[in-house]
Amino acid sequence: MKPTLSTLAEFTNQQVFNFVGKHLEKQGEASINAGKCRYRLNKNGKDLSCAIGCLISNKNYKETFEGKSVISLVGYNYFEKVITDESKIKLLEDLQQLHDYEMNWDNIPKSLKLFAEENNLNYNERKT
């Protein structure tokens, strides 16, 4: 089972980071359209999602999420289970910040390694 915003309580922060990191490495580019980050985006026939978008199940995704912060999404109970764990909420905020503003898309492993170090997580570069 993969982590989603509805099932996040069942996963450790490390497991969430591992899943999101693998997603970002595989995708290799930001989910941005016209300078704005998007939870979901189809760009030239390629489906993209941001660090948080990959945690939103197809069943729960709504176009109205776009433009809202992850805090507003988890705060308004859009998902089956409310996220109350402050460390998970902070991790989600930090992952959104990483994708939207801090990721060096030319060196994703370096960005993920730095993020892991700053958040007391472990990072193992994926082999592609």
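The values are calculated or read from the model by the stated rules, or taken from the named source; none is laboratory data. Only a predicted model underlies this, so the values are computations on that prediction, with no experimental measurement involved. Every residue, glycine among them, receives a Cβ derived from its backbone with ideal geometry; neighbour counts consider all protein chains shown.
Using the structure shown, decide if THR12 is among the β-branched types (Val, Ile, Thr), under 25 Å from ASN124 (Cα atoms), within 15 Å of the chain's Cα centre (by Cα) and surrounded by fewer than 19 Cβ atoms within 10 Å (Cβ to Cβ). Steps first, please.
Working: among the β-branched types (Val, Ile, Thr): yes; under 25 Å from ASN124 (Cα atoms): yes; within 15 Å of the chain's Cα centre (by Cα): yes; surrounded by fewer than 19 Cβ atoms within 10 Å (Cβ to Cβ): yes.
The answer is yes for THR12.
Within the set of pairs 6+ apart or on separate chains, which have a first residue in the stretch 95-112 that is closer than 23 Å to THR4 by Cβ and surrounded by 19 or more Cβ atoms within 10 Å (Cβ to Cβ), a second that is modelled with pLDDT under 90 and not hydroxyl-bearing (Ser, Thr, Tyr), and C-beta atoms under 6 Å apart?
GLN96/VAL70
Give me the residue from the stretch 10-31 that is without any contact (Cβ under 8 Å) to a residue 60 or more places away in the chain and not in a loop (DSSP other than H, G, I, E, B) and, out of that set, farthest from TYR101 (Cα to Cα). Can you show your working first?
Initially, the stretch 10-31 is screened for residues without any contact (Cβ under 8 Å) to a residue 60 or more places away in the chain, giving 10-12, 15, 18-19, 23, 27.
Still in the running and not in a loop (DSSP other than H, G, I, E, B): 10, 15, 18-19, 23, 27.
Values: GLU10: 28, GLN15: 23, ASN18: 20, PHE19: 20, HIS23: 17, GLN27: 17 Å.
Residue satisfying both the conditions and the ranking: GLU10.
For the stretch 66-82, check the following and say yes or no: at least one residue is surrounded by 17 or more Cβ atoms within 10 Å (Cβ to Cβ) and either of a type in the set (Asp, Glu) or modelled with pLDDT of 90 or more (or both).
Pass one, the stretch 66-82, residues surrounded by 17 or more Cβ atoms within 10 Å (Cβ to Cβ): 70, 73-74, 78-79.
Those still in the list that are either of a type in the set (Asp, Glu) or modelled with pLDDT of 90 or more (or both) too: none.
Within the stretch 66-82 (the criterion being surrounded by 17 or more Cβ atoms within 10 Å (Cβ to Cβ) and either of a type in the set (Asp, Glu) or modelled with pLDDT of 90 or more (or both)), the answer is no, since none of the residues qualifies.
Tell me yes or no: at least one residue of the stretch 47-64 is over 12 Å from the mean Cα position of the chain (by Cα), among the hydrophobic types (A, V, I, L, M, F, W, C), surrounded by 13 or more Cβ atoms within 10 Å (Cβ to Cβ) and not in a helix (DSSP H, G or I).
Scanning the stretch 47-64 turns up no residue that is over 12 Å from the mean Cα position of the chain (by Cα), among the hydrophobic types (A, V, I, L, M, F, W, C), surrounded by 13 or more Cβ atoms within 10 Å (Cβ to Cβ) and not in a helix (DSSP H, G or I).
Assigned to a helix (DSSP H, G or I), at pLDDT below 95 and closer than 24 Å to ASN120 by Cα: does that describe GLN97?
Values: assigned to a helix (DSSP H, G or I): yes; at pLDDT below 95: yes; closer than 24 Å to ASN120 by Cα: yes.
Yes; evaluated as a whole, the condition is true for this residue.
Within the stretch 22-48, work out how many residues are among the small types (Gly, Ala, Ser) and under 16 Å from SER69 (Cβ atoms).
Initial filter on the stretch 22-48 (among the small types (Gly, Ala, Ser)): 28, 30-31, 34-35, 45.
Those still in the list that are under 16 Å from SER69 (Cβ atoms) too: 31.
Matching residues across the stretch 22-48 total 1.
I'm told ILE89 meets every condition in (1) of a type in the set (A, V, I, L, M, F, W, C); (2) surrounded by fewer than 17 Cβ atoms within 10 Å (Cβ to Cβ); (3) more than 25 Å from ASN120 (Cβ to Cβ) except one. Can you identify the failing condition by its number?
For ILE89, the exception is condition (3).
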